[in-house]
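Below you'll find the structure, written out as structure tokens, and then a few comments.
The values are calculated or read from the model by the stated rules, or taken from the named source; none is laboratory data. Bear in mind the structure is a predicted one, so any value in this text is a computation, not a measurement. Positions of Cβ are backbone-derived with ideal geometry, glycine not excepted, and every protein chain shown enters the neighbour counts.
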Amino acid sequence: MHCLLGIETSGDLCSVAVGRDASVLSKKSISMPYGQAGHLMGLIQEVLTASETSWKQLDGVVVNRGPGSFTGLRVGLAVAQGISLAGGIPSFGLTGFAIYRSLENMEKNLLVLIDTRRDDCFVGFFEAGELDPSFETVMSYEEISVFYASQNNLHVVGNVDAVLIPGLISGREIYPLEAEEGLRSFRFYRERDRSDFSSEPYYLRDPEIHGKQIPL
């Protein structure tokens, strides 16, 4: 896989990157909690043009498949699968937990916190040195606080505001994922002979439907 397109729409960013081998040729991220559907294809074309890459030169698409924003995930996955079908190239999905895991030094146990935009988080826990999570679930801020207090040698990463969680003061790296990190993560797992890159959405729980329509 020499030339890959990365797509990240699982959170508050609409992010695209083009990479060739270990290099990122071009990337762009826009803060956009909603409305990715109206901007993603234009952003992809902009990044392809900036990297002097044609659609025919792409060897695959890497996309975050969740958990995260229900609408954002649907947008990113639909575009990735459309490009895959149109170009006859594979689409590779990674969970947000797996992406965060691949970016971190694993001398400590790792707790990944992904914002649900409610009063809780999608939570993934990795024991030190392990590539696969011990558990993935949804926890309230209070439950996270209790779990954090019960652990030693724990490193915390994610995209949730740490001040919302009582007692979560140190040992944390809070940052939103961008498409470039998905490309890095894909290389990380391919180098370790991982082959399961399903591009099916991973929600962890069913979305709640409200009367107010959220624009795509």
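Figures for the structure shown
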{"quantity": "Close pairs from segment 1-26: first in contact (Cβ under 8 Å) with a residue 12 or more places away in the chain and more than 17 Å from Glu52 (Cβ to Cβ), partner part of a loop (DSSP other than H, G, I, E, B) and among the aliphatic types (A, V, I, L, M), Cβ under 6 Å, at least 6 apart", "calculated": "Glu8/Leu177; Cys14/Met32"}
{"quantity": "Every residue from segment 166-216 that is assigned to a loop (DSSP other than H, G, I, E, B), modelled with pLDDT of 90 or more and closer than 20 Å to Phe122 by Cβ", "calculated": "Pro176, Leu177, Glu178, Asp196, Phe197, Ser198, Ser199, Glu200, Pro201, Tyr202, Tyr203, Leu204"}
{"quantity": "Selection count, segment 83-102, where residues are under 8 Å from the mean Cα position of the chain (by Cα) and surrounded by fewer than 19 Cβ atoms within 10 Å (Cβ to Cβ)", "calculated": "0"}
{"quantity": "Condition check for Gly72: at positive phi, crowded, with 20+ Cβ neighbours inside 10 Å, in the same structural domain as Arg184 (by TED's automatic domain parsing) and not charged (D, E, K, R)", "calculated": "no"}
{"quantity": "Members of segment 69-109 found to be of a type outside the set (Ser, Thr, Tyr), closer than 24 Å to Glu143 by Cβ and modelled with pLDDT of 95 or more, listed by number", "calculated": "Leu73, Gly96, Phe97, Ala98, Ile99, Arg101"}
{"quantity": "Members of segment 68-109 that are over 21 Å from Val18 (Cα atoms), in a helix (DSSP H, G or I) and touching a strand residue (DSSP E or B) at 6+ places or on another chain (Cβ under 9 Å)", "calculated": "Phe97, Arg101"}
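So that you can scan it fast, the table gives a plain yes or no per residue for (1) surrounded by 13 or more Cβ atoms within 10 Å (Cβ to Cβ); (2) on the phi > 0 side of the Ramachandran plot; (3) in contact with a Cys (Cβ under 9 Å, 6 or more places away or on another chain); (4) not in a helix (DSSP H, G or I):
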| site | (1), (2), (3), (4) |
| --- | --- |
| Leu111 | yes, no, no, yes |
| Val123 | yes, no, no, yes |
| Ala128 | yes, no, no, yes |
| Leu131 | yes, no, no, yes |
| Thr137 | yes, no, no, yes |
| Ser145 | yes, no, no, no |
| Tyr148 | yes, no, no, no |
| Val156 | yes, no, no, yes |
| Val160 | yes, no, yes, yes |
